[in-house]
1. Please tell me if Ala402 is buried (at least 17 other Cβ atoms within 10 Å of the Cβ), under 16 Å from the mean Cα position of the chain (by Cα) and modelled with pLDDT of 95 or more.
2. Out of all the residues in the stretch 8-33, which are surrounded by fewer than 24 Cβ atoms within 10 Å (Cβ to Cβ) and either farther than 24 Å from Gly362 by Cα or of a type in the set (Asp, Glu) (or both)?
3. For the stretch 53-70, what are the residues that are within 16 Å of Thr39 (Cβ to Cβ) and touching a Phe, Trp or Tyr at 6+ places or on another chain (Cβ under 9 Å)?
4. Somewhere in the stretch 222-238, is a residue at pLDDT below 70 and of a type in the set (Ser, Thr, Tyr)?
5. Of all residues in the stretch 80-97, count the ones that are in contact with a helix residue (DSSP H, G or I) (Cβ under 9 Å, 6 or more places away or on another chain) and more than 22 Å from Ala263 (Cβ to Cβ).
6. Name the residues in the stretch 142-180 that are open to solvent by less than 40 Å² (accessible area, probe 1.4 Å), outside any strand (DSSP E or B) and over 24 Å from Ser261 (Cβ atoms), would you?
7. Can you pull out the residues in the stretch 196-230 that are closer than 14 Å to Leu115 by Cβ, of a type outside the set (A, V, I, L, M, F, W, C) and either open to solvent by less than 10 Å² (accessible area, probe 1.4 Å) or touching a Gly at 6+ places or on another chain (Cβ under 7 Å) (or both)?
8. Just checking, how many residues over the stretch 189-233 are in a helix (DSSP H, G or I), small (Gly, Ala, Ser) and over 21 Å from the mean Cα position of the chain (by Cα)?
Amino acid sequence: MRAPLLGCIADDYTGATDLSSMLVRAGMRVVQCFGIPDTVDTKCEADAVVISLKSRSIPAEYAVSNSIEALRFLQTLGTERFFFKYCSTFDSTPAGNIGPVADALAEYLDVRQVLFCPAFPENGRTVYCGHLFVAAVPLHESSMRYHPLNPMTDSNLVRVLQSQSKRRVDVWKRGEAEGGQSACHVIADAIDDEDLKRIASHARQHRLVTGGSAIARYWAEELLAESYRNNHPHNDRCSRPTRASIETLRGRSMILAGSCSEATRSQIAEFAKRYPVVQLDLDFSNIEESANVALAWTDQQWESLDNQQPPLLICSNAEESDVSLTRKLWGETQAAERVEKIFALIARGLIERNVQRLIVAGGETSGSVIAALSIRSVRIQHEIAPGVPWVQTTTSPTLNLALKSGNFGGTRFFLDALECAP
């Protein structure tokens, strides 16, 4: 296997799939691994290898150690350029984990200046004068201020990152030729794709870049172009297909929605106009019982519809009042862990029921489902919405998956995903 041009570390599973999708857009062939693998299939030629971690909301010291371990693995493949991917809404707390992980990666690689570019204009995430906006609304006034794990109460990313990092943080303002020359960490302004292209060109020789998936796409294009100019062995890849063939599956379709974001709630409401939906009852003291009740509901739906087997949706309590009640009853951390364990059990039960097409909303939920099904890697396929592709598992069980960040996608996302499902 040739050394990949780019090695990537993502702090959650849906973010990693988003990143992989954008790298495919750039023209790269991508292998996405869930967790740190022992090896990568030598038969699979890859321009980029993406390591998906669940490190966004764990204690910072564990996020750092996991990320460094992933970096070391990528170096064993011969990779020399690295990308640290986090959410375009900069999901983190004063304790981390974006700052501590970036500090550790920079120190390990002996990199002085690190660019931070979370902007994703296509999805409404922009940065101006170091402040992050979501659909033109300051981050701290958006729905992210109510995030259950990482509430974002400050739009000033320089201030947010400085509270987490040991390094000096500055901003590279839009319109400046270069910025943050004396700073170790630099927040880059970007309000459109032309800004992203300019930033990526500036970072052409950088060994480490951090941000959302949008800047990764343009940095990947720069790396591919540089490889071609230098007559690198990768230079024949532009003529090769970036997606592997995918098997058409005939099994049932299901949606698991663990996210309580406003975007996911609107998607659930739209889906419910056409297909059955059920909410988990999280008052049960037994998680196995909660999962069994949800699975029994799916059986009843399919039996009552004379084997028409329509797509079904199981969600956590989607209303803010329900979320607050659950947190009060169980405690924030235990409530989140409880929901993910229930979805993991449901996912296993669905595979036994011939579900072969599975859409999962929410980063933590996606991670739990992937772990429960022992999925180690996937092939990236066509996009459903910006940053959300269909993927297919590379080993048994063979599944077509769509892993969606809670805030991604339009109101019709679930319906659109089913309409274009492989």
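1. Against the criterion (buried (at least 17 other Cβ atoms within 10 Å of the Cβ), under 16 Å from the mean Cα position of the chain (by Cα) and modelled with pLDDT of 95 or more), Ala402 qualifies.
2. Correct list: Ala26, Gly27, Arg29.
3. Within the stretch 53-70, none qualify.
4. Start the filter on the stretch 222-238 by keeping residues that are at pLDDT below 70, which leaves 231-238.
Checking the rest, the ones that are also of a type in the set (Ser, Thr, Tyr) come to none.
For the stretch 222-238, residues at pLDDT below 70 and of a type in the set (Ser, Thr, Tyr): absent.
5. Number satisfying all stated conditions: 8.
6. Val158, Ser165, Gly179, Gly180, listed by residue number.
7. Correct list: Thr210, Gly211, Gly212.
8. Number satisfying all stated conditions: 3.
The values are calculated or read from the model by the stated rules, or taken from the named source; none is laboratory data. These figures come from a predicted structure and were not determined experimentally. When we count neighbours, we look across all protein chains shown, and the Cβ atoms used for this are built from the backbone with ideal geometry, even at glycine. Surface accessibility is based on the protein's heavy atoms, side chains included, excluding ligands, DNA and RNA. Shrake-Rupley method; radii C 1.70, N 1.55, O 1.52, S 1.80 Å.
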